[in-house]
Structures are given as C-alpha cells and as structure tokens.
Amino acid sequence: MAQITTVPASAHAAQNTRTDEALFLVSFIFVLLIALAAQMLFLEWRTWLPGAEGEKSLIKGVRSGVYTFMSHLN
C-alpha cells in the first residue's frame with residue numbers, strides 16, 4: 001500500500017516565500033533592463049508601468065512597477 005505523506009504547513013509557507021522572492025527577483029531584473037534601455041534612449045518609461053509614475057528614482061520606479069505587477073497575480 002502507498003504511504004500518504006503530508007507537507008507541514010510551515011514548510012509549505014517557506015516554499016511559497018521562496019517562490020515569491022524568486023518571482024520578484026526575476027521580474028525586477030526584467031523590468032530593470034527595460035527601464036535602463038528606455039532611460040538610455042531618453043524615453044518616458046515610467047508611464048509604461050502602473051505605480052511607477054510618481055517615482056523620481058529608477059530603482060524605486062522599477063520596484064513600484066514590479067510590486068504592482070505582483071499584486072495582480074494574487
């Protein structure tokens with residue numbers, strides 16, 4: 001007979017946290033590369049990302065855009 005195993009709730013939460021962090025990192029790098037390319041071409045990239053319109057800093061604008069993107073995933 002097959003043995004049924006369960007994953008403890010804390011291990012499941014830890015896995016979700018790592019997944020969320022990995023998704024944030026990949027998204028951040030992707031959006032940062034787009035923002036850097038647009039910045040070099042003197043394009044107004046902040047209007048492309050919801051949440052980044054009011055930010056003055058490149059990193060804060062990218063972070064706001066990624067947080068907005070991730071909030072739509074839930």
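The values are calculated or read from the model by the stated rules, or taken from the named source; none is laboratory data. Please read all numbers here as calculations on a predicted model, not as lab measurements. With ideal geometry, Cβ positions are generated from the backbone for all residues, glycine too; neighbour counts draw on all protein chains shown. To get the accessible areas, we keep the full protein, side chains included, count just its heavy atoms, and leave off ligands, DNA and RNA. Shrake-Rupley method; radii C 1.70, N 1.55, O 1.52, S 1.80 Å.
Observations, loosely collected:
- Hits in region 21-58 (condition: over 23 Å from Asn74 (Cα atoms), within 17 Å of the chain's Cα centre (by Cα) and open to solvent by 100 Å² or more (accessible area, probe 1.4 Å)): Leu33
- Residue pairs whose Cβ atoms lie under 7 Å apart, sitting 6 or more positions apart in sequence or on different chains, and linking a residue in region 46-74 that is farther than 13 Å from Ile34 by Cα to a partner that is modelled with pLDDT of 90 or more and loosely packed, with under 13 Cβ neighbours inside 10 Å, are Glu53/Thr47.
- When Ala11 is tested against (1) over 17 Å from the mean Cα position of the chain (by Cα); (2) open to solvent by 90 Å² or more (accessible area, probe 1.4 Å); (3) modelled with pLDDT under 95; (4) of a type in the set (A, V, I, L, M, F, W, C), only condition (2) is not met.
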